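Report on the following structure.
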């Protein structure tokens, strides 16, 4: 008997697993001394990111003003930043890398730290002091912990451009005061050295510099001092780096001469040792603190190594004595425009001694990590991606499988390619924030597609060309478990269109009929309304550095549509092609492709049918992977499913509120996923045309959509520069629901057991914990029938009275909220009034008010951040005040909801009492008429009966007047 394969289960839920969001939108950047965490500026907020995991740790609360400068203390304990509002904010950095949902509050805020914006700030090596330089030429030194100013230095000739502390480490000086200096530079091209020692502060000489160094002819942008305090390097926009000996001592013969120089030269004055022409504007300079011998004479300068970064966008390492470049970190681009050159220039460079890494910050918000050991790029973080227009999942480490051997799942979809509003293609690692930029196009890249199971990438651009990209052979054979991104290069170029290339589609078969792996063909669609077929049989799947890309040959060209072509797709068997256009149609073409023994290829496409029915342009087309169907997404807000047999519309999916931009299949064609301009990603069930799930994490048009090979991950990218990885969590949700259901069954059985044992305390507490007001109402309703008639109770049972008398605060607040809901309905109002009456009688007013404070505290536990340390404790009083306010507001709302319904119930009962008199009167009159007492011969004969009737009526009136209607409602109202 033939066995049939089980149909896959429908997916019902996706969760947000990972997000690639803007990391740096401009502004200063700081790195912790261990190089594991990074502080950047996104908008007006400072963000702390884990570099290795690529995960945002926290954000720092601040004012709605831009951040002008920031720095991290060498001990990684504090973050200090200045804003354009002239405020200084000091934060304590979280000790671990656990993500925090709440913003970190500052431990100290100085509202007006300077009178002008602060553009540079630095901390000393002991993490005790902070130096800040303002645009008005004032430099202040702050005590970080205490938050007061220790020194103020004036006299700079303009904006302060660089700062550095000089605190030499001398093991022999442990136990006695050591000299600390502050070196400053400003736009007047001068470098000043100030003494920060306590003796200088007492003498009052600290306001004047110890020395003023003149050597630059333009603004110095970088300063650094060696560990022993002997060497000072400065670099500026005059394209030179100067090496100073700030601990130099004159020779014995010159000492006497210097004493007669009338103070022009002093003993120990800094001297200029070397001038290094860099031949580019220097924006950052520093010393590499390796194992150099920096003690002794000026011969130590021969072992000094200096790094510089500037307008060419590369980091250069120099020999300080020879003035020669030892090696370069990064790659200089040839034949680049002025705009590209300005974007790639380095604005800052940071040295991380613990990992021997130089971090360069570029003007285009890219952050590069260069290893000094391997002299290569180890990590690249892209700060801002702008508008994301397309995406493709890649598998560069996937080798050619043998016949009948499946691909290894560990090597599939390890990287993600993004086309943004740029000529550069971004290739990300799916496990970290590491990325690489692929340069080759001269204008914006509009579309992407993968081929050879993700080992090749195709791109189309506004420059009217398409390019094929492949990883280098060394990178492809490298360790696939690494989170780094391999180097990619352009292996082929397709040129021939007259307008922008807006759609590309590569052959789906990764291998030819032979055992050798290779590409077959590719289609491109353009704004010139034509489709071109390209031969890729001679294109390699590995890039050779330095090799020129091959020129692809066009096999066929067809004018396919009347308007722009937006999307193309090739069937899984490489036999059909579909094209979607702004002319509101999708056309299906038959592909003919033959490779002769001589290696010559022949290709052609033939129109099979046209899918008509959309009212707006078609933005997306996609073939089904298992069945002969076609899905299209259109500007008319719908997704349509078409038959490939007669090209008729089978089903229409409506639910998006704006244009559908991308669509793809899942679960062997049983489900579809679509993205739209409304910022939503929707999951559809094909059978019943229903929306199974809606994923929302974007604020703009979702242009990019990619589905992993195992269909467990969906990647969406939008115009808000956010990429979201959605993971299938259907099984997890089902397991959680099953666990909750089993737990609920056990609790319900326990509740019934408690009722049968008359254990009302546990029964009430369990009903409150299960949040089942219906069961609780039934319990209170049946109490009078189950209680002893002789027992006196407010609720109907003395045990329940005892429970209400000792009920905890949060549970009491929850019970009163249930009473509020019961009181809103006439059928349940009797129980509500009885319970309310019992609570008011058994509990004091202050206990009820405190119960709502405790309920507010319990409700806020889910939103309270898990901050450990001073950041959390500093916010505790404010949180307590807010909690009390929420408790008082909740009690006020409860009373406001109880009073009108209670008044309505009381009015209804009073109306019933009044109507009962009418009924009583009618019954009395009917009894008199029935007995014929009106026909009595005289009044005296009727006098005894009339007296008896009047006495009965009086007794009934007294009984109605003294009756406690509906379980003591009047008492509750009066209370």
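Where a number appears in this text, it was derived from the coordinates with a stated rule and is not lab data. Keep in mind that what you see is a predicted model, and the values were worked out from it rather than measured. In this analysis, Cβ positions are derived from the backbone assuming ideal geometry, glycine residues included, and neighbour counts consider all displayed protein chains.
Here are some notes:
- Estimated from the Cβ-Cβ distance and a Förster radius of 22 angstrom, the FRET efficiency linking residue 911 and residue 841 is about 0.25.
- Approximating the spin labels as points 7 Å out from Cα along Cα→Cβ, the residue 918-to-residue 66 distance works out to 7.8 nm.
- Rg and Dmax of segment 613-728, Cα atoms only, in Å: 13.1, 41
- Difference of contour (0.36 nm per residue) and Cα-Cα distance, residue 378 to residue 16: 127.5 nm
- Treating each Cα of segment 1-145 as one equal point scatterer and applying the Debye formula with no solvent, the log10 of I(q)/I(0) at q = 0.15, 0.17, 0.19 Å⁻¹ comes out as -0.74, -0.92, -1.12.
- FRET E, pair residue 610, residue 495, Förster distance 41 Å, beta-carbon r, rounded to 0.05: 0.90
- Length released on extending from residue 736 to residue 627, taking residue separation times 0.36 nm less the Cα-Cα span: 35.9 nm
- In plain terms, the residue of 352, 918, 578, 314 with the fewest other Cβ atoms within 10 Å comes first and the most crowded comes last, giving 918, 352, 314, 578.
- Förster radius 30 Å - calculated FRET efficiency between residue 756 and residue 802 (Cβ-Cβ, nearest 0.05): 0.95
- Three semi-axes describe the equivalent ellipsoid of segment 11-66; taken as square roots of 5 times the Cα gyration tensor eigenvalues and ordered largest first, they are 24, 16, 9 Å.
- Counting other Cβ atoms within 10 Å as a rough exposure proxy, the listed residues 279, 23, 437 run 279, 437, 23 from fewest neighbours to most.
- All C-alpha pair distances within segment 648-794, sorted into 10 Å bins from zero, spread as 10, 27, 17, 12, 16, 12, 5, 1, 0 percent across the bins.
- Distance between modelled label sites at residue 75 and residue 652, nm, 7 Å Cα→Cβ extension: 6.9
- Approximating the spin labels as points 7 Å out from Cα along Cα→Cβ, the residue 55-to-residue 421 distance works out to 3.1 nm.
- One chain, two ends: residue 127 and residue 326. Fully extended at 0.36 nm per residue, the span grows by 68.4 nm beyond their Cα-Cα distance.
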